[in-house]
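Inspection log for the structure reproduced underneath, given as structure tokens.
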Amino acid sequence: MTDPTTDNAGNTGDAHTARASLEALRAEIAKAVVGQDPAVTGLVVALLCRGHVLLEGVPGVAKTLLVRALASALELDTKRVQFTPDLMPSDVTGSLVYDARTAAFSFQPGPVFTNLLLADEINRTPPKTQSSLLEAMEERQVTVDGTPRPLPEPFLVAATQNPVEYEGTYPLPEAQLDRFLLKLTIPLPSRQDEIDVLTRHASGFNPRDLRAAGVRPVAGPADLEAARAAVAKTTVSPEITAYVVDICRATRESPSLTLGVSPRGATALLAAARAWAWLTGRDYVIPDDVKALALPALRHRVQLRPEAEMEGVTTDSVINSVLAHVPVPR
């Protein structure tokens, strides 16, 4: 058996093929979702980092469709849970069910046993049910009746929340927000994108039938594994590591924040920057990679002071200010 070839960036042939396959995801998902390339890239980065994603946007901007299209293009199993105030933890994780034929209890897996879990409107369920996802997100297992049960690999939670509806919602606690690798904002489409959406629907597009829309698998779990192995070899210089630390430490000293970025946040930013560097064709991280991922990796890990919020300050503006003032390594 011959050794795999190596490209100019130091990647094996398998990794080179995996990157080409993951790059093809954008074009494939665009068959169903219009104008959400940054969100697609963020979801791919999270998969490469074994992280989870919080999607925030007003109702009707195709958050659910985006996740379903990604799962279809990656040939991954996906399940959706609509979070409601009466949802119980066992509705997510599964439970023991008595089998009268065997006179014994057997475990019935919940929807969390999948590759890509869409937790729709996660802030509409009480903290008890929200916390049922914590073990799954952090440990990648579910413990029922003292028995740990591993989740499939890959496993990603894509949780959605609406920023404009607060009645009947339960804001996610900081400890749970910190478990998400990235927080991606899904904006309203531009005028031309919205025209394209309506044109597709007028032509018979059915968002519930992605196969009919032409969405086909262009990558799979093997590509993800090869890509993850390549990302793990991406070089991070001491100067880049110090740059990430300086950015996170600067948020802790910001007068506009009551809560800055934790060391876990610094680790998340560095991991996301490595994945982004590899996706763009390099085997080393540069400052621009860190800047590109700073907002999605950090915006949900900081907390504004009430007076700053009343003055119209946002978490994004604080992070952008930090990026502007922290010296960039040469």
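Some observations on this one:
- Taking the range 204-229 as the range and being crowded, with 18+ Cβ neighbours inside 10 Å and touching a Pro at 6+ places or on another chain (Cβ under 7 Å) as the test, only L224 passes.
- Odd one out for P4 among (1) open to solvent by 40 Å² or more (accessible area, probe 1.4 Å); (2) outside any helix (DSSP H, G or I); (3) modelled with pLDDT of 85 or more: (3)
- For the range 70-109, the set of residues classified as charged (D, E, K, R), in contact with a strand residue (DSSP E or B) (Cβ under 8 Å, 6 or more places away or on another chain) and under 30 Å from A24 (Cβ atoms) consists of D77, K79, R80, listed by residue number.
- Scanning the range 249-296 for residues that are closer than 17 Å to V328 by Cβ and either of a type in the set (S, T, Y) or touching a Leu at 6+ places or on another chain (Cβ under 7 Å) (or both) yields T251, L269, A273, W276, Y284, V290, K291, L293, A294.
- Qualifying positions in the range 67-113 - open to solvent by less than 20 Å² (accessible area, probe 1.4 Å) and in a strand (DSSP E or B): V81, G94
- Count of residues meeting criterion [out of contact with any strand residue (DSSP E or B) (no Cβ under 7 Å at 6 or more places or on another chain) and assigned to a helix (DSSP H, G or I)] in the range 46-60: 1
- Search result, residues across the range 230-246 that are open to solvent by 50 Å² or more (accessible area, probe 1.4 Å) and part of a helix (DSSP H, G or I): A232, P238, E239, T241, V245, D246
- Scanning the range 114-127 for residues that are at pLDDT below 90 and buried (at least 22 other Cβ atoms within 10 Å of the Cβ) returns I122, T125.
The values are calculated or read from the model by the stated rules, or taken from the named source; none is laboratory data. Predicted model only: the values in this text are computed from it and were never measured. Glycine also receives a Cβ, built like all others from the backbone with ideal geometry; neighbour counts cover every protein chain displayed. These accessible areas exclude ligands, DNA and RNA; they are computed on the full protein's heavy atoms, side chains included. Shrake-Rupley method; radii C 1.70, N 1.55, O 1.52, S 1.80 Å.
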